[in-house]
Amino acid sequence: PKEDVTFITTVLFQLSSKSITSEVIKLPAVPNELHVKIAGAGYYIKFNIVGDARVQVGAYLAVKNRLQSQNTSPSEYIDVRVEDRVYYK
């Protein structure tokens, strides 16, 4: 659907504006979910395509910066699907 395409292009634009390159973009069988694998990272980001793309990318960027300052990196994913919450594994 058009809304999904708009969400995906917004996510990719927001990431690329911060010089973050996506390696793989995937729409899994889970409803309303988007997975984006970041080039050079050992994890992917889980997005909710019915949410606000800019808010979710902002949450990802904040957590990414925090984890980098702690010299930590998730081994599997960063989940920004829930507003005001970020989970990682």
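Rule-based calculations on the coordinates, nothing more; no lab input. These figures come from a predicted structure and were not determined experimentally. All Cβ positions, glycine included, derive from the backbone under ideal geometry; neighbour counts span all protein chains shown.
For the chain, with only Lys/Arg (+1) and Asp/Glu (-1) charged at the beta-carbon, what is the dipole magnitude about the Cα centre, in debye rounded to 20?
Its charge dipole is roughly 220 debye.
For the chain, what's the relative contact order in percent, using C-alpha pairs closer than 8 Å and at least 6 residues apart?
23
So how compact is the chain: Cα radius of gyration and Dmax in angstrom?
Using the Cα atoms of the chain, the pair Rg, Dmax is 12.1, 39 Å.
Can you tell me the dipole magnitude for segment 39-89 around its Cα centre, using point charges on the Cβ only (Lys, Arg +1; Asp, Glu -1), in Debye to the nearest 20?
With only Lys, Arg, Asp and Glu charged at Cβ, the dipole is about 80 debye.
Using only the Cα atoms of segment 1-45, build the gyration tensor, take square roots of its eigenvalues as a ≥ b ≥ c, and label the shape rounded, prolate or oblate: rounded if a/c is under 1.5, else prolate if a/b is larger than b/c, else oblate.
Oblate shape, in that a/c is at least 1.5 and b/c is the bigger or equal ratio.
Net charge near residue 61, counting Lys/Arg +1 and Asp/Glu -1 over other residues with Cβ under 12 Å of its Cβ?
Computed value for this residue: +4.
Sorted by mean Cβ packing within 10 Å, highest first, what order do the peptides 65-74, 27-36 take?
Taking the mean over residues of other Cβ atoms within 10 Å, the ranking is 27-36, 65-74.
Restricting to DSSP H runs of at least four residues, report the calculated mean residue ellipticity at 222 nm for the chain, -39500 (n - 2.57) per run over all residues, nearest 500 deg cm²/dmol.
-12500 deg cm²/dmol
What are the lysines whose alpha-carbon lies under 24 Å from the alpha-carbon of residue 89, with same-chain residues fewer than 8 places away excluded?
The qualifying lysines are 18, 26, 37, 46, 64.
Compute the acute angle (0 to 90°) between the alpha-carbon long axis of helix 2-17 and the principal axis of greatest extent of the alpha-carbon atoms of the chain; round to the nearest 10°.
30
Lys and Arg at +1, Asp and Glu at -1: add these up for the other residues within a Cβ distance under 13 Å of residue 85 and post the number.
So the surrounding residues net to -1.
Using only the alpha-carbon atoms, how far is helix 53-69 inclined from the longest principal axis of the chain? Give it as 0 to 90 degrees, nearest 10.
Tilt of helix 53-69: around 10 degrees.
Using the Cα centre of segment 27-89 as origin and beta-carbon charges of +1 (Lys, Arg) and -1 (Asp, Glu), tell me which of 87, 62, 41 is placed farthest towards the positive end of the dipole.
Result: 41.
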